[in-house]
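I have placed the structure first, in the form of structure tokens, so that the comments after it can refer back to it.
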Amino acid sequence: MSEITVMVGSKIKEYRVSKKLSQEELAHMANMHPSHIGAIERGEKSSTIDSIHKIVNALDISFQELFDFESKPEIAEDIYSKKLYSYINTLTPKDQKGVYKAIKMLMKWKENE
């Protein structure tokens, strides 16, 4: 096991846990086998760039975030609220109102499920 393999595996696990995903859920999202995800997280297996690409896409993070060993991932709720806030701030007031109405309709639909 190389030090970088262990560090990357640990970082993948941090992001997975912060997003409240099981190894099985991440594996399904990344189209990989759960035992492979476990071996990567434990630093037992080096990953190909293709596997890392699948994992960062499934975790909805960038390569930069994965390889930033100085920072810790935020919990999922904070991540998505910040992403929504950033996106909405780029819109015109009229478009912001449209997004608000759409979210409000989705919430009503969710309540009626």
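The values are calculated or read from the model by the stated rules, or taken from the named source; none is laboratory data. The structure displayed is predicted, hence computed values, not measured ones. Cβ coordinates were reconstructed from backbone atoms using ideal geometry, including for glycine residues, and neighbour counts include every protein chain displayed.
Observations, loosely collected:
- Condition met for Ser51 (surrounded by 14 or more Cβ atoms within 10 Å (Cβ to Cβ), at pLDDT 95 or above, touching a His at 6+ places or on another chain (Cβ under 9 Å) and not assigned by TED's automatic domain parsing to the domain that holds Tyr80): yes
- Single unsatisfied condition, Glu44 versus (1) surrounded by 15 or more Cβ atoms within 10 Å (Cβ to Cβ); (2) over 19 Å from Tyr80 (Cβ atoms); (3) among the charged types (D, E, K, R): (1)
- Some residue of segment 76-88 being part of a loop (DSSP other than H, G, I, E, B) and surrounded by 11 or more Cβ atoms within 10 Å (Cβ to Cβ): no
- Residue that is farthest from Lys19 (Cα to Cα) [pool: residues in segment 72-101 that are modelled with pLDDT under 75 and of a type in the set (A, V, I, L, M)]: Ile79
- Pick from segment 17-61, criterion polar (S, T, N, Q) and in contact with an Asp or Glu (Cβ under 9 Å, 6 or more places away or on another chain), ranking: nearest to Ser2 (Cα to Cα): Gln23
- Only residues that are farther than 18 Å from Phe63 by Cβ, under 12 Å from the mean Cα position of the chain (by Cα) and assigned to a helix (DSSP H, G or I) were counted across segment 1-53, and they come to 2.
- Close pairs (9 angstrom Cβ cut-off, 6 or more residues apart or separate chains): in the same structural domain as Leu84 (by TED's automatic domain parsing) in segment 102-113, surrounded by 10 or more Cβ atoms within 10 Å (Cβ to Cβ) and among the hydrophobic types (A, V, I, L, M, F, W, C) anywhere: Ile103/Leu84
- Residues (buried (at least 19 other Cβ atoms within 10 Å of the Cβ) and charged (D, E, K, R)) located in segment 14-41: Arg16, Lys19, Glu41
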